[in-house]
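Asks: Just dropping this structure here.
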Amino acid sequence: MLVAIFLPHLGGGGAERAAVNLANDFARRGYTVDLVLLSVVGDLLIDLLPGIRIVNLKANRLRGGLFPLVRYLRQAKPVGLLASMWPLTALALIARVLAGVSSRVVVAEHTTWSKSELLSRWSVGWQVRTSMHHFFPKADGIVAVSSGAADDLARFARLDRRSISVIYNPVVGPERPVSDEVLQPAGWWNGPHKRVLAVGTLKAIKDYATLLDAFAALRQQVDARLLILGEGECRAALELQVRRLGLEGSVFMPGFAKDTAPYYQRADLHVLSSTGEGLPTVIIEALAAGTPVVSTDCPSGPREILVGGQFGRLVPVGDAPALAAAMAESLAATHDRAALKARAQDFSIDKAVDQYEALLFPQPFAGTAA
């Protein structure tokens with residue numbers, strides 16, 4: 001039985017990591033899996049199991065992917081197609097009609113749309129809302145990655161909230177042994193200081209500017225160093241801020257890291273400073289490593305993952321003094337790391353695949369592993 005997963009590429013974002021985990025687990029359960037990409041690029045390609053077929057639509061632009069996707073659907077006729085992230089979600093539903101196939105199509109959105117940077121232009125916001133409102137009801141399943149994101153999607157696109165399923169991102173697999181390898185940068189990795197970690201693309205919605213201001217305040221009372229793993233358009237501005245705050249030698253921004261697990265294992269604290277999220281995978285990855293978390297109480301996801309602050313501290317968005325205080329408190333506190341790891345299991349790969357399987361294949365598949 002063929003399942004297809006449709007994405008732009010396999011870069012290092014949370015949606016792409018989730019897709020790789022889904023594809024691999026579907027393959028382990030006996031499904032034939034196609035990963036359908038607009039372009040075959042991305043650091044996560046090598047994480048796919050060997051039996052998974054990569055379909056290259058060779059589309060330089062998003063709109064250019066429509067007719068290649070139609071041809072793929074006519075030729076492959078997958079039983080189920082999972083499309084993630086607008087406009088690919090709308091594109092998949094249009095392609096099914098044009099292809100004249102009976103494939104079930106499930107669409108998944110990974111962000112809190114009302115906070116999206118794409119909405120800075122009214123014309124784009126209108127296009128997103130209208131296409132979602134018109135096409136999403138035709139899907140066989142609509143998925144949001146948190147309850148908060150589902151509520152927001154229903155309001156944003158004027159959809160029936162009851163039509164939206166909440167499926168947490170498939171993040172947590174088998175626990176990995178603690179790495180004793182010394183990774184770069186050595187200035188963060190080695191030494192008696194506290195190690196603070198942040199993981200995510202260097203873009204405005206991540207609000208690393210507030211994190212840097214908070215970290216500068218933290219440094220006044222705690223010997224700590226900050227590592228930000230990610231790449232993006234805000235790098236130059238953030239590097240300038242680091243110099244302005246006199247944090248050279250205390251803040252490291254080496255770029256994207258494909259394997260972040262050893263860093264979570266080594267960190268004394270993981271911090272998320274975003275102004276908006278869907279379901280921040282990085283918080284779950286930190287919990288899975290038993291690493292304490294401080295996060296902004298942004299819409300949506302952090303409050304849901306941390307159960308209102310039970311499994312990590314929550315602070316207001318954009319409040320550097322509050323973020324600095326929460327970081328200091330967390331670094332000084334004793335944490336039940338076993339409880340953090342147990343909470344992370346609510347976001348296991350197996351649970352997510354079970355739920356997607358139910359939407360994509362209502363009839364049980366005989367090849368599914370027990």
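Asks: For the stretch 1-16, give me each residue that is assigned to a helix (DSSP H, G or I) and either closer than 25 Å to Val70 by Cα or in the same structural domain as Leu202 (by TED's automatic domain parsing) (or both).
Replies: Ala15, Glu16
Asks: Shifting gears a bit: Does the stretch 79-86 contain at least one residue that is buried (at least 19 other Cβ atoms within 10 Å of the Cβ) and without any contact (Cβ under 8 Å) to a residue 40 or more places away in the chain?
Replies: no
Asks: Based on what the data block shows, is Thr334 in the same structural domain as Thr201 (by TED's automatic domain parsing), hydroxyl-bearing (Ser, Thr, Tyr) and crowded, with 17+ Cβ neighbours inside 10 Å?
Replies: Taking the combined requirement at face value, the residue does not satisfy it.
Asks: Which of the residues that make up the stretch 52-86 are within 23 Å of Leu359 (Cβ to Cβ) and in a loop (DSSP other than H, G, I, E, B)?
Replies: Ile52, Lys77, Pro78, Val79, Met85, Trp86, listed by residue number.
Asks: For the stretch 55-76, indicate whether the set of residues that are surrounded by 19 or more Cβ atoms within 10 Å (Cβ to Cβ), under 30 Å from Gly125 (Cβ atoms) and among the polar types (S, T, N, Q) is non-empty.
Replies: No, the stretch 55-76 has no match at all.
Asks: For Ser300, state whether it is assigned by TED's automatic domain parsing to the domain that holds Tyr208, at pLDDT below 95 and either outside any helix (DSSP H, G or I) or buried (at least 19 other Cβ atoms within 10 Å of the Cβ) (or both).
Replies: Yes: the conditions hold for Ser300.
Asks: Select, from Pro192, Pro170, Pro137, Pro177, the only residue that is on the phi < 0 side of the Ramachandran plot, assigned to a loop (DSSP other than H, G, I, E, B) and surrounded by 13 or more Cβ atoms within 10 Å (Cβ to Cβ).
Replies: Exactly one of Pro192, Pro170, Pro137, Pro177 is on the phi < 0 side of the Ramachandran plot, assigned to a loop (DSSP other than H, G, I, E, B) and surrounded by 13 or more Cβ atoms within 10 Å (Cβ to Cβ), namely Pro170.
Asks: Here is a follow-up. Give the residue, chosen from Arg219, Arg176, Arg195, Arg235, that is over 27 Å from Ala18 (Cβ atoms), basic (Lys, Arg) and outside the structural domain of Val106 (by TED's automatic domain parsing).
Replies: Being over 27 Å from Ala18 (Cβ atoms), basic (Lys, Arg) and outside the structural domain of Val106 (by TED's automatic domain parsing) holds for just one of Arg219, Arg176, Arg195, Arg235, which is Arg219.
Asks: I need the full set of residues from the stretch 107-134 which are surrounded by 15 or more Cβ atoms within 10 Å (Cβ to Cβ), part of a helix (DSSP H, G or I) and modelled with pLDDT of 85 or more, in order please.
Replies: Trp113, Ser114, Gly125, Gln127, Val128, Arg129, Ser131, Met132
Asks: Report whether or not Glu277 is under 17 Å from Ala344 (Cβ atoms), modelled with pLDDT under 95, not in a loop (DSSP other than H, G, I, E, B) and not aliphatic (A, V, I, L, M).
Replies: Taking the combined requirement at face value, the residue does not satisfy it.
Asks: Scan the stretch 22-49 for residues that are surrounded by fewer than 22 Cβ atoms within 10 Å (Cβ to Cβ), out of contact with any strand residue (DSSP E or B) (no Cβ under 9 Å at 6 or more places or on another chain) and assigned to a helix (DSSP H, G or I) and jot them down.
Replies: Scanning the stretch 22-49 gives Arg28, Ile46, Asp47.
Asks: Same structure, new question: Out of all the residues in the stretch 92-101, is one or more part of a helix (DSSP H, G or I), surrounded by 15 or more Cβ atoms within 10 Å (Cβ to Cβ) and under 22 Å from the mean Cα position of the chain (by Cα)?
Replies: Yes, the conditions are met somewhere in the stretch 92-101.
Asks: Here is a further query. Look at the stretch 195-231 and say how many of its residues are of a type outside the set (Lys, Arg) and in a helix (DSSP H, G or I).
Replies: Count: 13.
The values are calculated or read from the model by the stated rules, or taken from the named source; none is laboratory data. Because the structure is a prediction, the values reported are computed rather than measured. So basically every Cβ, Gly included, is an ideal-geometry build from the backbone, and we count neighbours across all protein chains shown.
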